[in-house]
Each structure stands twice: as structure tokens, then as C-alpha cells.
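Heads up: the structure comes next, in C-alpha cells.
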Amino acid sequence: PDDGYRLWMRYPDRTIAPDAVTVRGRSAMLDAAAAELRRGLPAGFGPVLLATATDPAVQALRLPSEGPEGYVVRRATVDGRPTLVVTGDSERGVLYGAFALLRQVAVNGAAAPINLRSRPRIALRVLDHWDNLDGVVERGYAGKSLWDWWTLPDYKDPRYTDYARANAAIGINGAVLNNVNAKAESLTAPYIAKAAALADIFRPYGIKVYLSARFSAPIELGGLKTADPRDPAVARWWRAKADEIYRAIPDFGGFLVKANSEGQPGPRDYGATHADGANMLAAAVKPHGGIVMWRAFVYADTDPDDRAKQAYDEFKPLDGRFADNVVVQVKNGAIDFQPREPFHPLFGAMPKTPLMIEFQITKEYLGFATHLAYLAPLFAETLDAETGTAPGATVARVVDGSLEGHTLTGMAGVANIGDSRDWTGSPFNQANWYAFGRLAWDPGLTPEAIAREWTAQTFGRDPEVMRTVTAMLMRSREAVVDYTGALGLAHLMATGHHYGPGPWVSELKRPEWNPVYYHRADRNGIGFDRTRTGSNAVAQYAPALAAKLADPRTTPEGELLWFHHLSWDYRLASGQTLWETLARRYDRGVATVAAMRREWEGLRGQVDPQRWAKTATFLAVQEREARWWRDASLAYWMSVNRRPLPAGMAPPA
Ligand code: GCU
């Protein structure tokens, strides 16, 4: 039986002769790279040499440099023998080169010509685990936490190594081990020892460990009366804590902080700013080379006017005030990981501050683990968005530092990983972990190219399987947008767990918890007016873009109701009314899922039975629930707008 455990590392049964792989130099990282090739290259594969560029044999080849993490994989003659050389300026480059070679062989076959070189465009490629110390994963749908805090640090589950291998294969080089809604306890000596054990396992695979820090820890753990970042005793406490962590984990990455958001403590509790808080922590890790990832996801009861404006309002004035080892971590959109959101207006608005982007790989708002939704198109849509500050000034170029001259650059993904056998709760969710890593390495890769790579490595190179699976992946996210609410609608889900429809919810305590706050539908129209006549959130974008977004005629159709409140009878470019288009999108979403289901049915017998059956079952669930979303949403909209369904559409069940 094939339970999907092997992810994108499905190596052949008959492998290369172990002595065909030679390593020059001794280190745990080079050994890990060599072991991976011995395990993954097919029998009969010719000699391979692994060495850094400092090795005399490699130096003699005069290969190009690909920087501190990049690699070159090339055929050459070494000691008179034709050899495949896997090299880089650093051991890390060699490691990534080894995995790139395995990918190349899996995707193109062992006989295809090999000539690879690449370097990452983004420095910090990080998974954020929202894992609680009791094993529950917040917004996790793939079982419990991988980290068994109870048996750590003594028992080193081999799965930790497989986790590190899977990440190294896609270039991920950091893991935040614990939830952003952090417990102070995660910074106590026993947990530092547990984190250190994981760091030891991950180190040969180039992965640094980070921890989420609870801002009030000096009070909870240190017995101080305050956590005010301007208080010298507080700063001293954090310095001592950082020193303690670095004694156990010399290459500890640093802290991730969620402050003054959704009830978390933070510097604002003391009238200090986010910069005060971030800089104080940054000073504590600075002597050790650590960094602070300070989240801009602030969500507190302070902007009743429009929740989407809050992060910009609080952070934009702080541009240039952060220490040089702070990076501000900004979600892709201004609300919260919806199936579609316009890019966050902070991108392009803080040129003096390194901004890392945060995506959600776990599908909190896209059907949890059961619905098939390939997220590379969502990630790429944000990365490719033009910020409007200059031609070609995309979000990707803000994030990779090239636009504003930053070297501290990063991309974070909220992990979808748990202890389920297939890691992510379904075989297809593995594609989202994979795509995140590949885009963090190179945000210029296309979702389609990544889909093809992933499919070949996950389901094999059979042309029909490749074609079908890639086509399913590529349509899947738009289908979710269609059946949950198209045209820029957002936050229509049920309360609390966020599963299934709830556009009618209106009675929750805070206004912006309610879906009605976002869609503002009534008898006459629907949508959130974020232009001058409304919250004027459009003014947070660069003037050129703001002007476009201020006019429904020049607003992208997919973001229309995000920015505008329009009549149900408003005519779109197609000539159809808004209501008719919205209604038909629900149908289109359901139809796409039904088609994906049929296509998967056609692969019966061509994919191993276990993964095939799980996917088939999940697609049936998804089709049923796409209908649920459609029918419940249409019935609600019709109760509000009192309009009939467009001609030919079947009434909601
Ligand atoms: C969302 C999510 C929370 C999470 C928060 C965050 O609101 O529902 O579970 O804590 O994002 O990103 O901090």
C-alpha cells in the first residue's frame, strides 16, 4: 500500500552503486547530500562527485559562482573520468544541488542531459508551524503536531529527519516550531532542550530553528512587573534568555512575534510602538547573529472603520525605524488568507524596511484538507501583482529585496503538516507545501511548471497522469473562489472553525467578525466600498494603482466587490449583470469540481489504489460541499436581493 509518506522523494527500488557517489571533504551536510543521492539515483547512473568550490578538482573546472546557497551541477572530466559534478560555494549549495539533481532525474528521466545552476532569490524560506505544546495544531488539518514534545529531547523520531529531507529538497531553510499564539513556556529550559534536539537533526539539512516568542514572557517566566520594551530590566531579561537559547542552539534563527493582535500581548500595551518592541528583541539576538520576524498582522479593536486598513495605519509610520536584524512579516492580503485577496498595501509602502511575505499553506479558508485547491496560483497572483510604485515594481521584487535594496528577505508559509501518514492530510495538499518551497526559492517560477514537477515526482511521468493531474491542479483554486463567493467577496465562512458557508452571520460581538460586515449586501447592492465614499482603503495603495482601484471600471473583476459596493444590476464588461455573473460563478465552481472528479475517475488503475481512493473520496466530499456553498449562498443572496435566479439556473436545493 502507498500511503503517500514519501512525498516528492519517491526513489527507484534499484539504486546507484554506493561507491559511484564520491564526497570530497567531511561534514554532516555533505554526508547528508551523498546519502540522499545514494538513496535516490537509479542503478546504472554514472559517477557523481560532491564537493564545494574550494576543492582543487572543482576549482580547476572554473565553474560560475551561484552565491552562498546556489549550486552548479555539470558534467566534467575529473581525474580523467567523466563525472557529474555537484558543487556550490558552500556545503549548503552542494546539498541543494544534490536535491536538484534528484528532481531533474525524476522529472526528465536519467537519460536527459544535465546542466543545472540556480540560486535562491529569497534568503529566509521558512515554515511557520502553528503547533501548540499540547500537540494541537491551530488551523491544522493533518493530525497532531509532528513534534512529540513529550519524548523529546531523548527520542529522535526518524520522521524528523524525513521532514528535514523533504524541506531541503525544496530549499526551505527555516522552521518556526511553535504557534504564533505562543505560550511563554516554550521559552523555558526544558523546551529549549527539546528545540535544540530538533535543531541538531535539521542542521545537516540546512534548516534553522526559530521560536515564536510571547511578548509578556518576562512577566510570566521572569517575575517582572512589566514587559515594557523600554524598561531596562525587560531588555536584560530577553538578553539573558537569548544567551541561554544560543548556548543550546548556536545557530538559532531568532524569534517570530505576534504582538497586539487578537488578544496577544505586545508593546502597545505600554504605549510603546511595534518598532520599540521589535528592536528590543532584535538587540537580544543580535550578538548571536539572530533575527526577529515581527508580524504586521495586527488585529485589535482599534479601526472600526475598516479592518483592512489597520496594519498599514500602524506600520507605515514606522518605516525606517526598525533595527537592521528585524524583518516585518506581512500576510499576502490585508484581511486573512481568503481564497482571493488583493495584495497587502504595505508592499511598496515601506521601502526602508525589509518586508517578508506570509502565505497560508494550510487551507483554513479553502476547505481544510479535504478540498483540492492548488495554491501556487494564489501565491503567484500576489507575487506578480504590480504595487504601482514604478513599472515592474511587483510584490515579488519588494519581497526579494531587489526593488528597495534589502538583503534580509523572506517568505513564510503557515505549514499544513501534521502527523498524518501523508503529512498534509491528503496527497494533493503535498503540492502546496512543495509549491511554497519552490516559489520561496524562485518567485518567478510559474504555477504550471511547479505543478508539472510535483506531479512527475509524486505520481510518475506517465503522460496521461501528468496531463490530467496538472490540469486538475491548475483549475482547482479558481473553483474554490467560484463556489465560495467570486468577484472579490471574502470572509463569508461559518464562524469559529471557518468551514462551510455563513454569509448570513451578523450577530457576533465585534462587527468585523461578521460576514455581513464584509459583503454589506442589501436589497439594492453588494460589496465593501473602500473608495473615498467609503473607508478609502484604496488610498493605502500607490497613487497610480489607487486611482485604478477607485473606479469599478478599472478594478480587476476578481477584486470588484472587495473595493466597491455596487448595484445588483451593475453591468460587467461582459454585459451581464453583477447578480447574474455572481450566481453563475457558483455553478461554474460546482461544475469544475464535478469535472475534476470525473477526470480523477479516469485515472483509476493508473495511480496506486490507496492514494487514488483517498483522493476520489475527498473529491466526492468537495463536490457535495461545493453544492452546499452554492445553494446556501444563493438562497441567502436571494433572500436579501429578492431577485430570481438567472435564466436556466436550477433553484438551490
Ligand atoms: C487567523 C487564524 C488564527 C491565527 C491568526 C494569525 O486569524 O484564524 O487562528 O492565529 O490568523 O495569523 O495570527
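For this structure, a couple of remarks:
- Entirely in segment 535-653, the helices (runs of 4 or more DSSP H) that have 1 or more residues that are without any contact (Cβ under 8 Å) to a residue 24 or more places away in the chain and at negative phi: 543-549, 578-601, 609-641
- Of the strands (runs of 3 or more DSSP E) contained entirely in segment 22-90, not one carries at least 2 residues that are touching a helix residue (DSSP H, G or I) at 6+ places or on another chain (Cβ under 9 Å) and free of Cβ contacts under 8 Å to residues at least 24 places away in the same chain.
- Among the residues making up segment 98-120, those that are over 21 Å from Ala164 (Cα atoms) and not small (Gly, Ala, Ser) are Val107, Asn108, Pro113, Ile114, Asn115, Leu116, Arg117.
- Residue check, Pro287 crowded, with 20+ Cβ neighbours inside 10 Å, out of contact with any strand residue (DSSP E or B) (no Cβ under 9 Å at 6 or more places or on another chain) and either assigned by TED's automatic domain parsing to the domain that holds Ala412 or not in a helix (DSSP H, G or I) (or both): no
- Verdict on Glu453 being in the same structural domain as Arg604 (by TED's automatic domain parsing), farther than 24 Å from Ala393 by Cβ and in a helix (DSSP H, G or I): no
- Any hit, segment 185-192, residues being touching a strand residue (DSSP E or B) at 6+ places or on another chain (Cβ under 8 Å) and touching a residue at least 40 places away in the same chain (Cβ under 8 Å): yes
- Here Ser212 meets the list (1) within 16 Å of the ligand (Cβ to nearest atom); (2) within 30 Å of Asn536 (Cα to Cα); (3) hydroxyl-bearing (Ser, Thr, Tyr) almost entirely, failing just condition (2).
- Per this entry, Leu346 is counted among residues that are assigned to a loop (DSSP other than H, G, I, E, B) and either under 20 Å from Phe315 (Cβ atoms) or free of Cβ contacts under 8 Å to residues at least 12 places away in the same chain (or both).
- Test for Lys286: is it of a type in the set (Lys, Arg) and under 24 Å from Phe315 (Cβ atoms): yes
- Residue ID - surrounded by the most Cβ atoms within 10 Å (Cβ to Cβ), chosen from residues in segment 356-377 that are more than 16 Å from the ligand (Cβ to nearest atom) and not in a loop (DSSP other than H, G, I, E, B): Ala376
- Considering only residues in segment 131-166 that are surrounded by fewer than 22 Cβ atoms within 10 Å (Cβ to Cβ) and within 16 Å of the ligand (Cβ to nearest atom), the one that is nearest to Pro82 (Cα to Cα) turns out to be Tyr141.
- Residues located in segment 1-58, provided they are basic (Lys, Arg) and in contact with a Leu (Cβ under 8 Å, 6 or more places away or on another chain): Arg24
- Residue that is of a type in the set (Asp, Glu), in the same structural domain as Ala380 (by TED's automatic domain parsing), within 14 Å of the ligand (Cβ to nearest atom) and under 22 Å from Thr531 (Cα atoms), where the choices are Asp306, Asp336, Asp313: Asp336
- Tally of residues being touching a Gly at 6+ places or on another chain (Cβ under 7 Å), away from the ligand (no atom under 15 Å from the Cβ) and closer than 17 Å to Leu211 by Cβ across segment 255-283: 1
- Here Ala415 fulfils each of the conditions (1) small (Gly, Ala, Ser); (2) within 16 Å of the ligand (Cβ to nearest atom); (3) in contact with a Lys or Arg (Cβ under 9 Å, 6 or more places away or on another chain) apart from (3).
- Residues of segment 378-387 satisfying the condition of being part of a loop (DSSP other than H, G, I, E, B) and either within 16 Å of the ligand (Cβ to nearest atom) or without any contact (Cβ under 8 Å) to a residue 60 or more places away in the chain (or both): Ala385
- Note on segment 339-349: residues that are touching a Gly at 6+ places or on another chain (Cβ under 7 Å), under 17 Å from Glu404 (Cβ atoms) and within 16 Å of the ligand (Cβ to nearest atom) amount to 1.
- Residues of segment 33-74 satisfying the condition of being closer than 18 Å to Pro113 by Cα and exposed (fewer than 13 other Cβ atoms within 10 Å of the Cβ): Ala43, Gly44
- Some residue of segment 272-280 being under 20 Å from Ile207 (Cα atoms), over 25 Å from the mean Cα position of the chain (by Cα), assigned by TED's automatic domain parsing to the domain that holds Asp231 and part of a loop (DSSP other than H, G, I, E, B): no
- Test result for Tyr210, within 22 Å of the chain's Cα centre (by Cα), of a type outside the set (Val, Ile, Thr) and either assigned by TED's automatic domain parsing to the domain that holds Phe347 or surrounded by fewer than 19 Cβ atoms within 10 Å (Cβ to Cβ) (or both): yes
- Of all residues assigned to segment 318-325, none qualifies as being touching a Gly at 6+ places or on another chain (Cβ under 9 Å) and either within 16 Å of the ligand (Cβ to nearest atom) or part of a helix (DSSP H, G or I) (or both).
- Test: residue in segment 485-498 that is buried (at least 22 other Cβ atoms within 10 Å of the Cβ), part of a helix (DSSP H, G or I) and either within 26 Å of the chain's Cα centre (by Cα) or modelled with pLDDT of 95 or more (or both): no
The values are calculated or read from the model by the stated rules, or taken from the named source; none is laboratory data. What you are looking at is a predicted structure, and each value in this text was computed from that prediction instead of being measured. Every residue, glycine as well, gets a Cβ built from its backbone with ideal geometry; the counts of neighbours run over all protein chains shown.
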